[in-house]
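Take a look at the structure set out below.
The values are calculated or read from the model by the stated rules, or taken from the named source; none is laboratory data. Remember, predicted model here, so these are calculated numbers, not experimental data. Neighbour counts are summed over all protein chains in view; Cβ atoms, including those assigned to glycine, are modelled from backbone coordinates with ideal geometry.
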């Protein structure tokens, strides 16, 4: 073969190799569109970014820690999942949540899915997420200002609508009820519900700043009104609120909601006799033993909810890939048995599971019957 012919032949081979390489690279870097259902290529490893706004600061940091532990346990159970967690601080108030949400969506403008923990965080995120078609899993959110019928919101927490009738049934035996709670969406939602369920019985309402409890809680007004019972719409600061009440010489019966349950309550003699609503939970579920073995403390409702939420999300992603429509639809009218107990979602993606009551008796959490 002549020298010229050899050079032409080599040039052709190089061109062909270059075209093949270019074709391969082009197809490798084209991402799947996460906003369109069913757009999954089996030969491409898709990725599903999931924003997580959980408390990493503020007065409910301990609750955020429990959620985060449960999230991590599930992530380790699914090492090959397409889910890519993007975690930021949801804080303990709406201002921190708002800042983190704006940064999260700025850094990830095509974010397909977000997990929000706490009512104020959920309500900060909801308008933008609903408008953009983002799937939102709401945890620890008994009060959600839901305003769109076509959103992709999945509510894991039984709302005030489900829990307040049980609480009202207990409170109805009293005539003079005082309410003390944090100045946030959760307290305001409960107060509004109870004003309708037990009209005329609430004689005083005190809202305080949980990050500045000592200077914003006016306990003298509560004492002056001499209530028959005090409802505490308190979270991690509940133990301190109870101590303030008892140190002021107020021996009135105390009742709380599920958010007050913390292991630390059992460390104070002042909390003896506290009654509160709580999910029934399935304590025989393996999650609870795993959690105790790993962290040397008992998981509460928060860990159970976080575990069930993430377990179902990873399962949904395994079936649906990056399809937002499929993931949000996956939850509708679905039932499962988890750490929370027997959970059922309705056609709007709202979870229902049994709510009961407990009492602190002899330094232990015990079941309480009305």
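A few remarks follow.
- Selection status of residue 240, loosely packed, with under 15 Cβ neighbours inside 10 Å and assigned to a helix (DSSP H, G or I): no
- Of the strands (runs of 3 or more DSSP E) lying entirely inside region 282-370, those containing at least 2 residues that are under 29 Å from residue 51 (Cβ atoms) and either assigned by TED's automatic domain parsing to the domain that holds residue 118 or in contact with a helix residue (DSSP H, G or I) (Cβ under 7 Å, 6 or more places away or on another chain) (or both) are 335-338, 341-345.
- Residue in region 78-97 that is under 17 Å from the mean Cα position of the chain (by Cα), assigned to a helix (DSSP H, G or I) and more than 30 Å from residue 292 (Cα to Cα) present: yes
- The set of residues in region 43-59 being crowded, with 17+ Cβ neighbours inside 10 Å, in contact (Cβ under 8 Å) with a residue 60 or more places away in the chain and closer than 24 Å to residue 129 by Cα consists of 48, 49, 50, 51, 52, 53, 54, 55.
- Residues that are in contact with a strand residue (DSSP E or B) (Cβ under 8 Å, 6 or more places away or on another chain), surrounded by fewer than 17 Cβ atoms within 10 Å (Cβ to Cβ) and more than 23 Å from residue 141 (Cβ to Cβ), drawn from region 174-203: 176, 203
- Considering residues of region 260-287 that are under 18 Å from the mean Cα position of the chain (by Cα) and more than 19 Å from residue 202 (Cβ to Cβ) only, the residue modelled with the lowest pLDDT: 262
- The set of residues in region 102-125 that are crowded, with 24+ Cβ neighbours inside 10 Å, part of a helix (DSSP H, G or I) and touching a strand residue (DSSP E or B) at 6+ places or on another chain (Cβ under 7 Å) comprises 121, 122, 125.
- The single condition among (1) over 26 Å from residue 340 (Cα atoms); (2) at pLDDT 95 or above that residue 94 does not satisfy is (2).
- For region 145-162, filtered to residues that are modelled with pLDDT under 90 and within 30 Å of residue 368 (Cα to Cα), the residue that is surrounded by the fewest Cβ atoms within 10 Å (Cβ to Cβ) is 161.
- Residues satisfying the stated conditions in region 249-278, i.e. in a loop (DSSP other than H, G, I, E, B) and in contact (Cβ under 8 Å) with a residue 24 or more places away in the chain: 249, 250, 252, 257, 261, 262, 268, 272, 273, 274
- Evaluation of residue 337 against (1) free of Cβ contacts under 8 Å to residues at least 12 places away in the same chain; (2) exposed (fewer than 13 other Cβ atoms within 10 Å of the Cβ); (3) more than 30 Å from residue 246 (Cβ to Cβ) (one fails), failing number: (1)
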